[in-house]
Amino acid sequence: MKATHIKGVVDMTHGSGGRASARLIEEIFVRHFDNELLAQRNDQAAFNVPAGRMVISTDAHVISPLFFPGGDIGSLSVHGTINDVCMSGAVPLYLSAAFILEEGLSLADLERIVASMGEASRKAGVPIVTGDTKVVEKGKADGVFITTTGIGMVPQGVNISGDLARAGHAILISGSIGDHGMAVLSSREGLGFSTSLQSDSAALHDLLAAMLEVSPNIHCLRDPTRGGLATTLNELAMQSGVGMLIEEQAIPVKPEVRGACELLGLDPLYVANEGKLVCICDAADAAPLLAAMQAHPLGRDAAMIGRVVEDDQHLVQMQTAFGGSRIVDWLAGEQLPRIC
Amino acid sequence: MKYLDEFRDGATARALAATIRNEALTGREYRLMEFCGGHTHAIFRYGIKDLMPANLRFVHGPGCPVCVLPAGRIEAAIKLVEEHQVILCTYADLMRVPAGKKDSLHKAKARGGDIRMIYSATDALGIAQANPDRQVVFFAIGFETTTPPTAAVLKIAHAMELKNFSVYCNHVLTPPAMAHILDSAETQIDGILGPSHVSSVIGSCAYASCCKQYKTPIVIAGFEPLDVLASTLMLLRQINTGRHEVENQYTRVVSSTGNEKAQALMRDTLVMRALFEWRGLGRLPDSAMQIRGTYADLDAEKRFAMQDIEVAENKGCICPAVLRGVSDPDACKLFGTVCTPEDPKGACMVSSEGACAAYYSYGRRRA
């Protein structure tokens, strides 16, 4: 979809519900999201759904900067919600999107973001079928906030939940960790370093479909976004009432991510990902699942990183490459760079 | 990663650890203080304790710059923000350090205070230039590692005649803290893993008098896990042969005389403070720096007539004993219950380099 080269900035009239609002919706949103349901111009989208178990998930997206290497808030808001839906094993069907625009946001930037959302949703085959836009005064938001909601259907025979990890299960990761967080950090002003890193932002439902084809018997899935791999493993351990034992050497980390983390005193285990999944499965299913993941472009670097163990304290422990072991704890507060 | 992987190699580590276990004499204890938070971090993060003989103990020292800053200095900084409406520029890990009355820079920021996290002292200068109608204060903290950058911005700001920039100087010195710990009757330390980055500035010979006076061996140790192991072995050998010398394991960075340019910068801009309060160690003479008279117009303490604020430490908190190496973090009754990384009571729980935080995050329970 070609950009319209709209000039100017978002102002309060764009949120008034009047002619300016209607023009904004037509020229930017409808144009780039372009699908039949949206084209009906109703306040809601109506569609038939197959019988079975339906999944719904919602995700609010705020990010600075709005554009970063490998993505932007638009594509991120599509991928993020598709991933949350499909981490239940569901096939994502439809998305909705709500925008909070800050007065003064350039319309060209808004169009770039919306076009990127449209492209991400078309590529994923999951249309954005309804939405809403509000404008707030300058200073009351940070450019644009996007909330997306997705629904999907879980195929028969699939039963995936965070409380189903049991001792003996294998823990898989679909690729290298920390790419998104470090790409975003490196593009922030004031850090004074640049990398060739790209965010891994991607919709994972296609990878997941390939995995479920090999083994519908996956027990837990989660995308290790905010808080990184460490937080996801701690959540799953707590939810399932088990412990986890992972091996540092088995966890894929790109050299650029390690380097940037070293420089800033951050730990890649806690850095966000937007296109990775953690999968917990029977030990016997690990090899075929890994093979299926590695055959998919989004799972090329997939690896088995550890196993679920019994532990009444629900700790995640790591065998260090060095030969010792340590606890991989929940993140306290935010991860802050260290001074020396 | 070049220059890092070599110093994290598991096979070399196992060989070094085996040598340490072989050479450690039975029938005695080895109590080694790792001075810096960076060492504490490495010991826990890489599981070095698992590799050591049972009679060798690491005692965690005071070398976490965030941990030793007393709550009153943070409270004073918050006052600058809230009473003088300054833009306060700070290194990130100071944000959550508890000030008095359950306050912190983090909370002051949430209340609307203009507090900016910076990565380099020169960022503060940039913020001052970008906000000519605001007073900008750089909250300068740290040991000798972070002091030269502060000295450099003082010089630059002075040359630029910046009128809206000043520095709240809280820089402290390593050798006096080390001497204080060794001087205390309750401390029993057989050897010290000496500071690494600090020593790159002040040089290994800065510890000679301390080493001699207290007859305690010191090995300047790098922050990588193999550095820590190699330095531990060097200390062990000194102890076993009754020597007490300053040895330098971290030769790839530290020289005997240090970085003379950086030292000159510090001499030019800063002078010794008569007395400075350290969290956990109390008031120590000649242990911290203040801004030299020539640069007095850049001294936030003078510009804003800042007063010392006394803040009583939490009564149950044993950070003072932890920082002196007398107690382990888990001996504290607040540890892990009232005092956690989410809600730190004592400063050692705040920074990831703090002994309590490292204990909590990495070592609560052994595998």
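Numbers for the structure displayed
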{"read-out": "Selection from region A:154-212 of residues that are farther than 30 Å from residue B:92 by Cβ, charged (D, E, K, R) and part of a loop (DSSP other than H, G, I, E, B)", "value": "A:163, A:166"}
{"read-out": "Test: residue in region B:294-306 that is outside any helix (DSSP H, G or I), surrounded by fewer than 19 Cβ atoms within 10 Å (Cβ to Cβ) and in contact (Cβ under 8 Å) with a residue 60 or more places away in the chain", "value": "yes"}
{"read-out": "Region B:135-152 - residue that is part of a strand (DSSP E or B) and within 12 Å of chain A (Cβ to nearest Cβ) and, of those, farthest from residue B:90 (Cα to Cα)", "value": "B:142"}
{"read-out": "Selected residue (criterion: nearest to residue B:97 (Cα to Cα)) from residues of region B:115-134 that are away from chain A (no Cβ under 13 Å) and in a helix (DSSP H, G or I)", "value": "B:128"}
{"read-out": "Residue among B:307, B:290 that alone is within 23 Å of residue B:180 (Cβ to Cβ) and more than 14 Å from chain A (Cβ to nearest Cβ)", "value": "B:290"}
{"read-out": "Some residue of region B:80-88 being within 14 Å of chain A (Cβ to nearest Cβ) and under 24 Å from residue A:266 (Cα atoms)", "value": "no"}
{"read-out": "Every residue from region B:78-91 that is surrounded by 21 or more Cβ atoms within 10 Å (Cβ to Cβ) and within 18 Å of residue B:125 (Cα to Cα)", "value": "B:80, B:81, B:86, B:87, B:88, B:89, B:90, B:91"}
{"read-out": "In region A:323-340, residue modelled with the lowest pLDDT [restricted to those that are facing chain B (nearest Cβ under 7 Å) and farther than 29 Å from residue B:14 by Cα]", "value": "A:339"}
{"read-out": "Any pair with Cβ under 9 angstrom, 6 or more apart, that starts in region A:310-322 at a residue that is more than 9 Å from every other protein chain (Cβ to nearest Cβ) and ends at one that is acidic (Asp, Glu)", "value": "A:316/A:329"}
{"read-out": "Filter pass, residue B:112 being on the phi > 0 side of the Ramachandran plot, facing chain A (nearest Cβ under 10 Å) and not aliphatic (A, V, I, L, M)", "value": "no"}
{"read-out": "The lone exception for residue B:321 - which of (1) modelled with pLDDT of 85 or more; (2) within 20 Å of the chain's Cα centre (by Cα) it fails", "value": "(1)"}
{"read-out": "Close pairs from region B:39-61: first away from chain A (no Cβ under 12 Å), partner surrounded by fewer than 24 Cβ atoms within 10 Å (Cβ to Cβ) and acidic (Asp, Glu), Cβ under 7 Å, at least 6 apart", "value": "B:55/B:29; B:57/B:29"}
{"read-out": "Flag for residue B:94 being surrounded by 15 or more Cβ atoms within 10 Å (Cβ to Cβ) and modelled with pLDDT under 95", "value": "yes"}
{"read-out": "Of all residues making up region A:21-78, the number that are assigned to a loop (DSSP other than H, G, I, E, B), β-branched (Val, Ile, Thr) and under 15 Å from the mean Cα position of the chain (by Cα)", "value": "2"}
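The values are calculated or read from the model by the stated rules, or taken from the named source; none is laboratory data. Not measured: the values here are computed from a predicted model. Positions of Cβ are backbone-derived with ideal geometry, glycine not excepted, and every protein chain shown enters the neighbour counts.
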